[in-house]
Amino acid sequence: ELLGDVPQFNLAAQALGLEWLATDTTTGDAEEAEADDGSDSNAPENQPPQRLYLTMPTEQALRRLMKQWKQFARGEPHRDEGQRELWKLFGYLHDLRVWSVEDRLDPTLTAYVANILEDDPDEHVTVDLDLWYRNEDERRDQSLEPLNEMLEEVGGELLDQVDIPEIRYQGARIRVPGDVAQELVDGRGRIAESRDVMTIRPQSACESQ
């Protein structure tokens, strides 16, 4: 989580070998961000934090990064020139943590699935998956292959998929049996644990007038 809008952070992160996947601004009204004491609402500490999602080249590198973040958070000084640049990067951050299954689950998913299965536990459920957007066309195509395999295993199907490079978005709409939908709510199963999936949420709907 970044302290406010720091465009330079992405460039600095890429220079250290981190791949940018997506950003997300946490909810909050701009007027609410203005401090009651009259301090500068444009200052980083008074702006709503943004989330920046990154990948690491190896699990070992991830462990090393988290260890160094904990050292920085404890106020320990950097030990060498390499850490000096990393400490500068950490200065932009509000928090640094590992992505988990719980982060994938939209807060409204539980009620959505429960409502559909209330009368018929065997009812199929349609959900939308937001996939991590990859820069290379080939990698985006490859992310659909394991998804199709997982759906075939559980008796589900891929209803639709979309790839919008202009806004760096890739998504899929799937339909799964009721028991599989409940597994998604509980954060269990291969789909919920897939590293290609960013968010699992209720089927999007729109009304025309």
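The values are calculated or read from the model by the stated rules, or taken from the named source; none is laboratory data. This structure is a prediction, so every number in the text was calculated from the model and none was measured. Cβ atoms come from the backbone with ideal geometry, glycine included; neighbour counts cover every protein chain shown. Surface areas here come from the heavy atoms of the whole protein model, side chains and all, with no ligands, DNA or RNA. Shrake-Rupley method; radii C 1.70, N 1.55, O 1.52, S 1.80 Å.
Results, tabulated for the structure shown:
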item	result
Flag if ASP128 is touching a residue at least 40 places away in the same chain (Cβ under 8 Å) and in a loop (DSSP other than H, G, I, E, B)	no
Residue satisfying condition, being over 23 Å from ALA13 (Cα atoms) and either in contact with a helix residue (DSSP H, G or I) (Cβ under 7 Å, 6 or more places away or on another chain) or among the charged types (D, E, K, R) (or both), within set ARG84, ARG173, ARG134	ARG173
Tally of residues being open to solvent by 70 Å² or more (accessible area, probe 1.4 Å) and within 20 Å of the chain's Cα centre (by Cα) across the stretch 138-164	4
Subset of the stretch 170-205 that is hydroxyl-bearing (Ser, Thr, Tyr) and touching a strand residue (DSSP E or B) at 6+ places or on another chain (Cβ under 7 Å) - its residue that is modelled with the lowest pLDDT	SER204
